[in-house]
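Heads up, the thing below is written out as structure tokens.
The values are calculated or read from the model by the stated rules, or taken from the named source; none is laboratory data. None of the values given here were measured: they were computed from a predicted structure. For neighbour counting, all protein chains shown are included, and Cβ atoms are generated from backbone atoms with ideal geometry for every residue, glycine included. Remember, those area values only see protein heavy atoms, side chains included, never the ligands or the DNA or RNA. Shrake-Rupley method; radii C 1.70, N 1.55, O 1.52, S 1.80 Å.
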Amino acid sequence: MALLESGSIEDRQKVIKQIGDACEEWGFFQVLNHGMPLDLLNKGFANSHEFFNLPLEEKLKCKHPKGSLPIPAGFMNDMISKGVPDAKEMMFIYSETSFGARFNLWPEKPANFRLDVGSEIVNAATKTGLHMLGLVSESLGLPNEHLPALANAKPRSDMFYFLYYPATPDNPNAVGSTKHTDGNILTILAIDNQMPGLQIWRGEKWLPVTPVKGAIIINVGDVLQVWSNDKYKSVTHRVVNSPTKPRFSIPLLLGPGHDFVIEPLVEFINEDHPPAFKPFIYKDYLLARFKNKNNTSKDAPEISIDYCRV
Ligand SMILES: O=C(O)CCC(=O)C(=O)O
Ligand SMILES: [Fe+2]
């Protein structure tokens, strides 16, 4: 991304085209010189290590009672997919401008968690995410501000996860995040120490994403797939645990307005490309996905964006 600031107009166009090609072809890409200060990311991971290393009783102090919320906030260690527990723990935070901010639960330890994470880091990551969305907007031939403006309908639905995938020496096949697509617009993902484990589904097999030092990973979510009328792909991915090393990651799921109607944008509809999706209210989709995730039955159907197809 350094070329965006310092390069020629042609350099800038080259970077924008690379972003567009990656969104179309892979749904995932990595970015260097992304503008998210590395010291803030380090501070985020320092807080994450300290929090997840606390005794379980301490972490459970910021867990919402089951069923008390439409969508969870705070600590979670009992996520389950099709009857199999996810081998991970999570601290789930809504950004200050999100509809869910009032549900946040903050740990007492680490002492600075709320200040460091809740304000400074979340705000910087949101800014980086909106900046990336502006470039994605350009890559679709739209003005830079177009998609960020659509994303900005209040109240927002951004979600911020702190994820911890423990080492699983007794289970070499442990899966911390089971296969899914992201339901939001764009995900901005930081991975501590370039730990492997993230895989994307491509060509009928799992391909590893190998994190580059200092890079953040960006991936297309379902909403961007709908807005672009299937041009950009929200790609299925998962995370497998390591038998020897714990893994820490921090994704920001940049979402649209909670009450916003999502549908293919007119710019991507023409005779050859009629609307591929029916309009839907974002929160309805979000809630359906969460309910589905909490359905512990092995035969639960998977709610994906395909449910919204015409
Ligand atoms: O931990 C990761 O690297 C990715 C997690 C993920 O895919 C998600 O939370 O949606
Ligand atoms: Fe994901």
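Taking the options P196, P243, P264, P301, name whichever one is under 30 Å from N42 (Cβ atoms) and over 20 Å from the mean Cα position of the chain (by Cα).
Exactly one of P196, P243, P264, P301 is under 30 Å from N42 (Cβ atoms) and over 20 Å from the mean Cα position of the chain (by Cα), namely P243.
Which one of these is surrounded by 14 or more Cβ atoms within 10 Å (Cβ to Cβ) and on the phi > 0 side of the Ramachandran plot: G83, G44, G27?
Residue meeting the stated conditions: G27.
Do we have L4 as out of contact with any strand residue (DSSP E or B) (no Cβ under 7 Å at 6 or more places or on another chain), at negative phi and either β-branched (V, I, T) or open to solvent by 70 Å² or more (accessible area, probe 1.4 Å) (or both) here?
no
Got a sec? Which of R102, R12 is among the basic types (K, R), modelled with pLDDT under 95 and either in contact with a helix residue (DSSP H, G or I) (Cβ under 9 Å, 6 or more places away or on another chain) or within 16 Å of ligand 2 (Cβ to nearest atom) (or both)?
R12
Return yes or no: is A151 under 16 Å from the mean Cα position of the chain (by Cα), away from ligand 1 (no atom under 15 Å from the Cβ) and open to solvent by less than 40 Å² (accessible area, probe 1.4 Å)?
yes
Spot the failing condition for I217; the list is (1) open to solvent by less than 40 Å² (accessible area, probe 1.4 Å); (2) touching a residue at least 60 places away in the same chain (Cβ under 8 Å); (3) part of a loop (DSSP other than H, G, I, E, B), and only one is missed.
Every condition holds for I217 apart from (3).
Starting from residues that are open to solvent by 70 Å² or more (accessible area, probe 1.4 Å) and in contact (Cβ under 8 Å) with a residue 40 or more places away in the chain, keep the ones in the stretch 239-282 and report whichever is nearest to ligand 2 (Cβ to nearest atom).
Filtering first and then ranking leaves K245.
Among the listed residues D192, D222, which satisfies the condition of being in contact (Cβ under 8 Å) with a residue 60 or more places away in the chain and under 30 Å from E267 (Cα atoms)?
Answer to the check: D222.
Sort out which residues of the stretch 10-23 are more than 18 Å from the chain's Cα centre (by Cα) and in contact (Cβ under 8 Å) with a residue 12 or more places away in the chain, and write them in order of number.
Listed by number, the residues that qualify are V15, I16, K17, G20.
Could you list, in sequence order, the residues of the stretch 164-176 that are touching a strand residue (DSSP E or B) at 6+ places or on another chain (Cβ under 9 Å) and either open to solvent by 10 Å² or more (accessible area, probe 1.4 Å) or away from ligand 1 (no atom under 11 Å from the Cβ) (or both)?
The answer is Y164, P166, A167, T168, N173, A174, V175.
Which members of the stretch 24-52 meet the condition of being in contact with a Phe, Trp or Tyr (Cβ under 9 Å, 6 or more places away or on another chain) and either hydrophobic (A, V, I, L, M, F, W, C) or without any contact (Cβ under 8 Å) to a residue 40 or more places away in the chain (or both)?
Matches in the stretch 24-52: F45, F51, F52.
Those residues that are open to solvent by less than 40 Å² (accessible area, probe 1.4 Å) and at pLDDT below 95, I need them from the stretch 192-214; list them, please.
Result: G214, single match.
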